[in-house]
Amino acid sequence: MASKTTRRTVLKNAALASAALITAPYVRGAYAAGSLSLGVWDHWVPGANNALTKLVTEWGEKNKVETKIDYITSQGEKDKLTAAAEAQAGTGHDIMSHRDWNIQIHQRLLEPLDDVIAQLIKQYGPISPVAEYLAKIKGNWRGVPTAVGSQVKPCCSRVDLYKEHAGIDIMDMFPADEAKYDKAKTDKWTWDVYLDAAQKLHKAGFPVGLPMGQTSDAVDWVGALFNSYGAVMVDEKDNIKINSAETRQALEMARKIMEVSPPEVFAWDDAGNNRWLISGKGSGIMNPPSAWAVAKRDNPKVAEQCWTHAMPKGPKGRYVGQLPQFYGLWSFSKNKSAGKDLLLHLSQKESIAQLVEASVGYDLPSFKSMYDLPTWKTVGPPVGTVYSYPPRGDELTSMAGAPARSEVGAQIYNQAINTVMISKFSQGKEKLDDVIKWAEKELEGTLRA
């Protein structure tokens, strides 16, 4: 007897088929005679672009796909402007780099990449919560985190100056082997100890250099400070939480650090702290290894004394600002299947290892299982100088603006509400209560928008 097909049966089967497609692992295919174009971030580290070009070219030759890469500088936000122009025109590169909040901005024109992410998580385990916060929009991944340009911003300190003027042996506290971390020692690295060291280094004529403008380097380290004190601006349910004892503690700490910082930090761009360290005047910054990498070329004596290590610990834990980059596949791409396969290829640990090596340890994957790559242990001088660049021990990643909804967090971040608060309190000499009231009004505006 033939079975009867009903409308309900058809709908049920269609739903099951859709669910299977969503949960199925990504399957590679053949892409003969196709083409793919990429618009990607132009790397700060000299020569780092070459590794990405090599990986893309090799993949293209193997899969018979014609590939083209355009490296686009982030100076003047040219990369973001290019993405915005392509989104508006509905044409351009197939794959595009997206920094910080750009996935959220262009989510409606980005192809879902859940199948690629599912395959990567299956291979490499949990993904960075910050990457998920920025790229998983309304349940769908709209970008794949790339190691290229992705970074955290921990401390980079002058070993000699800290030892001589602050009595702190940074290399002993954070050796180039996580197995040798001594919790009794690392627990002593707190914001109170950091402040005490900063005061001594300032008195000796070698201040730390922490930017306090409205660019990402400033927003990120202050975001980590706020998290370590438990300060929250807006929570997941749109509640404004900035008026708290935790916020006041964080602001007081920041004010004291600013008192022993170079006055020009309020005007620094993202290169200001790099120049400060490389000049030999600075005793420490909070940055990826780019400053050390340039110092190797321009001021080797400074580079030989640099050691990257964990951020100070606060009452609520130890946090480091993370700023992942992503590759997005435009929904108007004419070769989406090949695009997904290339993204999967570039995300393999073997590919990531080449990118990390070419960037001298600057590029940071979003999978903790990849933190055992040899580059961080072997590059120097001094050997092991960037070993503790990937978050190790009890250090957690953070994103200024979180845990608010991403569209709200983006406004908090881009308006640099946290650094403006500190500027008002320290440089502007405004009362603490007035600064918090100002922030509350700004946050109310972000929620209305």
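Extension gain Asn50-Val260, at 0.36 nm per residue separation less the Cα-Cα distance, in nm? Don't skip to the end; give the middle numbers.
On the way: separation 210, 0.36 × 210 = 75.60 nm, distance 4.10 nm.
In short, 71.5 nm is gained.
Local charge for Glu350 was computed over the other residues whose Cβ lies under 12 Å away, with Lys and Arg +1 and Asp and Glu -1, and equals -1.
Can you pull out the trypsin sites (Lys or Arg not before Pro) in region 68-108 that DSSP calls coil and that have at most 10 other Cβ atoms within 10 Å?
Numbers: sites: Lys68, Lys78, Lys80, Arg99, Arg108; in loops: none.
Qualifying residues, ordered by number: none.
Rounded if a/c is under 1.5, else prolate if a/b is larger than b/c, else oblate: which is region 143-277, with a ≥ b ≥ c the root eigenvalues of its Cα gyration tensor?
Rounded shape, in that the Cα axes give a/c under 1.5.
Pairs over the 27 Å Cα-Cα cut-off, from the set Lys153/Lys301; Lys340/Lys377; Lys78/Lys334: Lys340/Lys377. Shape class of region 305-449 from the Cα gyration tensor (axes a ≥ b ≥ c, square roots of the eigenvalues): oblate, since a/c reaches 1.5 or more and a/b does not exceed b/c. Using a Gaussian network model of the chain in which every pair of alpha carbons under 10 angstrom is joined by a spring, one finds that among Gly393, Gly223, Gly401 the greatest mean-square fluctuation is at Gly393. Only DSSP H runs of four or more residues enter the estimate; each adds -39500 (n - 2.57), and after division by the residues of the chain the mean residue ellipticity at 222 nm equals -13000 deg cm²/dmol. The Cβ shell under 13 Å around Pro211 holds other residues with a net charge of -3, Lys and Arg each +1, Asp and Glu each -1.
So which residue, out of Ser337, Ser97, Ser150, gets the largest mean-square fluctuation from a GNM of the chain using Cα contacts under 10 Å as springs? Checking each option, the largest mean-square fluctuation is seen for Ser337. Which angle between 0 and 90 degrees, to the nearest 10, do you get for helix 432-448 versus the longest principal axis of the chain when only C-alpha atoms count? Compared with the principal axis, the helix lies near 10 degrees.
With respect to the chain, whose longest principal axis is taken over its alpha-carbon atoms, helix 417-426 is tilted by about 10°.
Provide Ile417, Ile72, Ile285 in ascending order of the number of other Cβ atoms located within 10 Å of each residue's Cβ, fewest first.
Ile72, Ile417, Ile285
Amide H contacts of Leu36 (H built 1.01 Å from N, in plane; Pro and chain starts excluded): Glu66, Thr67, Lys68 sit under 5 Å, all sequence-distant by 5 or more or on other chains. Against the chain, whose longest principal axis is taken from its Cα atoms, helix 336-346 shows a tilt of about 40°.
The Cα center of region 58-123 and the Cα center of region 397-449 differ in position by 30 Å.
Got a sec? How would Glu357, Glu236 order by Cβ neighbour count within 10 Å, fewest to most? Can you show the working numbers first?
On the way: Glu357 17, Glu236 11.
Neighbour counts put them in this order, fewest first: Glu236, Glu357.
Summary of the geometry: region 185-253 and region 255-321, compared by the centres of their Cα atoms, lie 14 Å apart.
Since every read-out is calculated from the coordinates, none of them should be taken as a lab result. Quick caveat: nothing in here was measured; it's all calculated off a predicted structure. We place every Cβ from the backbone using ideal geometry, glycine too, and count neighbours over all the protein chains shown.
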